[in-house]
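Colleague: Right, I'll just put the structure down here and ask away after.
The values are calculated or read from the model by the stated rules, or taken from the named source; none is laboratory data. Since we're looking at a predicted model, the values are computed, not measured. Here the Cβ positions follow ideal geometry from the backbone for every residue, glycine too, while neighbour counts run over all protein chains shown.
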Ligand code: SME
């Protein structure tokens, strides 16, 4: 198990509120190198609302199917964006962000939240991060 995944596993306490667990999980994710934003969007009535995060102020509401997050929500799969300027409909919360990865957290075959990470460099995210975030998402799905 990767260090990051074992750290998240260690901080999860199912007795505590979701927001408490995701707050600490965002702090663990923030240890990844070369990122400028990481956090969660939570599904709320077929849209996404901002959850716990680390980084600059971000968009609070993302509609289903919009932006990278809304598209990941719709497709129920991880999306890696090597260059945010080339992703049609990308929602720019920060001009610093150049690449992005979004992984859905799925519970009972429904998306309940998303993990979103932005980087200030192009091509930051690969299948290594995809596998890592999908494992983390599976861990966190137990909280929902
Ligand atoms: N870029 C995202 C919006 C969220 S921020 O990156 C924090 C998107 O296009 O959905």
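Colleague: Select the strands (runs of 3 or more DSSP E) contained entirely in segment 1-69, then report the ones holding at least 1 residues which are at pLDDT 95 or above and away from the ligand (no atom under 11 Å from the Cβ).
Modeller: On the way: elements: 37-44, 47-55, 61-63.
Filter on segment 1-69 gives 37-44, 47-55.
Colleague: Next question. Could you list, in sequence order, the residues of segment 11-48 that are free of Cβ contacts under 8 Å to residues at least 40 places away in the same chain and under 12 Å from the mean Cα position of the chain (by Cα)? Before the answer, list the steps.
Modeller: Taking segment 11-48 and keeping what is free of Cβ contacts under 8 Å to residues at least 40 places away in the same chain, we get 11, 13, 15-17, 19-20, 23-24, 26-28, 30-31, 33, 44-47.
Of everything in segment 11-48, those that are free of Cβ contacts under 8 Å to residues at least 40 places away in the same chain and under 12 Å from the mean Cα position of the chain (by Cα) turn out to be 26, 30.
Colleague: Restricting attention to segment 120-129, does a residue exist that is within 20 Å of residue 22 (Cα to Cα), outside any strand (DSSP E or B) and at pLDDT 95 or above?
Modeller: Initial filter on segment 120-129 (within 20 Å of residue 22 (Cα to Cα)): 129.
This time we only want the ones that are outside any strand (DSSP E or B), so: 129.
Those left that are additionally at pLDDT 95 or above: 129.
Taking every residue of segment 120-129 in turn, at least one turns out to be within 20 Å of residue 22 (Cα to Cα), outside any strand (DSSP E or B) and at pLDDT 95 or above.
Colleague: Okay, next question. When residues of segment 78-103 are filtered for being more than 8 Å from the ligand (Cβ to nearest atom), in a loop (DSSP other than H, G, I, E, B) and either within 14 Å of residue 120 (Cβ to Cβ) or touching a helix residue (DSSP H, G or I) at 6+ places or on another chain (Cβ under 9 Å) (or both), how many remain?
Modeller: Qualifying residue count for the region: 6.
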